[in-house]
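Below is one structure, written out as structure tokens; the observations come after it.
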Amino acid sequence: MIGTSMTKGPWLDLTGRISAVTGAASGIGRAAALALAEVGATVIVLDRDVVGAHRVADAITAAGGIAAFGQLDVTSEEEWVETGLWIGKTWGNLDILVNSAGIVFSDRVGDEDIEPYRKTFAVNVDGTLLGMRMALGFMRAAGKGAIINISSAASFTGSSIMASYGASKATVAHLTRSAALETARCGHDIRINSIHPGLIQTAMADDFYGIYERVGPPEAVEAVMTTGRAGRPEEVADLIVFLSSDRASFISGASIAIDRAKSA
Ligand SMILES: NC(=O)c1ccc[n+]([C@@H]2O[C@H](COP(=O)([O-])OP(=O)(O)OC[C@H]3O[C@@H](n4cnc5c(N)ncnc54)[C@H](O)[C@@H]3O)[C@@H](O)[C@H]2O)c1
């Protein structure tokens, strides 16, 4: 109200919240880690690339934030258990998990080689499921929390050149919805959502350019894969921060596209 002396806090503040981000050495995960730290969260930077994870944690602390880093291969059940024990011992809780680690290969349903499928599902699906399990241990005990799984706009349609990738990301969305229902029906205030980016300028975008190389140079690929431009990792990070916060208190089990209408 104009003319009153009512003091207001910031619109969104994650001070005191403990967050963990997988795949945080690069791209969307890195941007999410930096953005969560910017609004006050403690960020546990996880990646199989420990040098990159260290670098991101250093960037956060250099900017005045709170961060730690750890090496984690998201496909390893054992490493997830160790990570959970470390988090429990060091912070005693986990309020936010962002599952961003992911890989893509070019493959087709009719291919004879099943390895790309196995590798893709191991990282994108097993990694996300194991992450949710670890986080839910803390969140069920606390009765609250937020998980954001990075799926893809590729989950919405079939693909004649990335069959396993799209299938893995559709599976991530389905697991997200199931987990969200499980927690909501138990009466917990645990929100679990998947987000579905279109083409975003990261190292993975280079993989997409390679997969679509028959189309031409990156500009030609972007003309096919976007509605005019690729997104920036920071634009995706803003959605992740919002979903991590109490501002998104009634959003759970949602599959949210962030692709400038590409999949509309
Ligand atoms: N870039 C895009 O256009 C785009 C579009 C839609 C969805 N996505 C999804 O967003 C997420 C992030 O991708 P990005 O674009 O930031 O890619 P990126 O390649 O920049 O980052 C991926 C990160 O995941 C890590 N990683 C890979 N396998 C891992 C494993 N087994 N254990 C731990 N870490 C592992 C890598 O080391 C890397 O740091 C992925 O799940 C991806 O599928 C990306």
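The values are calculated or read from the model by the stated rules, or taken from the named source; none is laboratory data. Note that the structure is predicted; figures quoted are calculated from it, not measured. Positions of Cβ are generated from backbone atoms using ideal geometry, with glycine treated the same way; all protein chains shown enter the neighbour counts. Side chains are part of the model used for accessible areas, which takes the heavy atoms of the whole protein and leaves out ligands, DNA and RNA. Shrake-Rupley method; radii C 1.70, N 1.55, O 1.52, S 1.80 Å.
Observations on the model:
- Taking every protein chain into account, the accessible area of the chain amounts to 49 square angstrom per residue (probe 1.4 Å).
- Each principal axis of the stretch 33-94 carries a Cα extent, and these read 33, 25, 14 Å when sorted largest first.
- For the chain: relative contact order, % (alpha-carbon pairs under 8 angstrom, 6 or more apart): 19 percent
- The slack in the chain from residue 178 to residue 224, taken as 0.36 nm per residue of separation less the alpha-carbon distance, amounts to 13.3 nm.
- Ordered from highest to lowest accessible area with the whole protein assembly present and a 1.4 Å probe, 242, 250 read as 250, 242.
- The mean sequence separation of alpha-carbon pairs under 8 Å and at least six residues apart, normalised by the residue count of the stretch 137-264, gives a relative contact order of 33 percent.
- Only alpha carbons enter this Debye calculation for the chain, each as an equal point scatterer, and the log10 of I(q)/I(0) it gives at q = 0.07, 0.08 Å⁻¹ is -0.24, -0.31.
- In order along the stretch 95-109, phi translates into HN-Hα couplings of 8, 9, 10, 10, 9, 10, 4, x, 9, 9, 10, 8, 7, 10, 4 Hz, rounded to whole numbers, per the Karplus curve 6.51 cos²θ - 1.76 cosθ + 1.60 with θ = phi - 60° and x for Gly and Pro.
- Only protein heavy atoms count here; on that basis, with a 1.4 Å probe, residue 109 has an accessible area of about 140 Å².
- Percent accessible area from carbon and sulfur atoms, the stretch 18-258, protein chains only, probe 1.4 Å: 53 percent
- Ranking of 258, 60 by solvent-accessible surface, largest first: 258, 60 (1.4 Å probe, protein heavy atoms only, all chains present).
- Karplus-derived 3J(HN,Hα), 6.51/-1.76/1.60, for each residue of the stretch 121-132, Hz, glycine and proline x: 5, 4, 7, 6, 9, 4, x, 5, 5, 5, x, 4
- Other residues within the sphere of radius under 14 Å centred on the Cβ of residue 209, judged by their own Cβ, net out at -4 (K and R +1, D and E -1).
- Rounded to the nearest 20 debye, the dipole magnitude of the chain is 900 debye, with +1 charges on Lys and Arg beta carbons, -1 on Asp and Glu beta carbons, and the Cα centre as origin.
- Among 11, 86, the order of accessible area from largest down is 11, 86, computed with a 1.4 Å probe on protein heavy atoms.
- Furthest towards positive pole of dipole, 170, 51, 183, structure part the chain, Cβ charges: 183
- Accessible area of residue 174 (1.4 Å probe, protein heavy atoms only, ligands and nucleic acids ignored): about 110 Å².
- Inter-part distance, the stretch 118-184 to the stretch 200-219, computed on C-alpha centroids, equals 24 Å.
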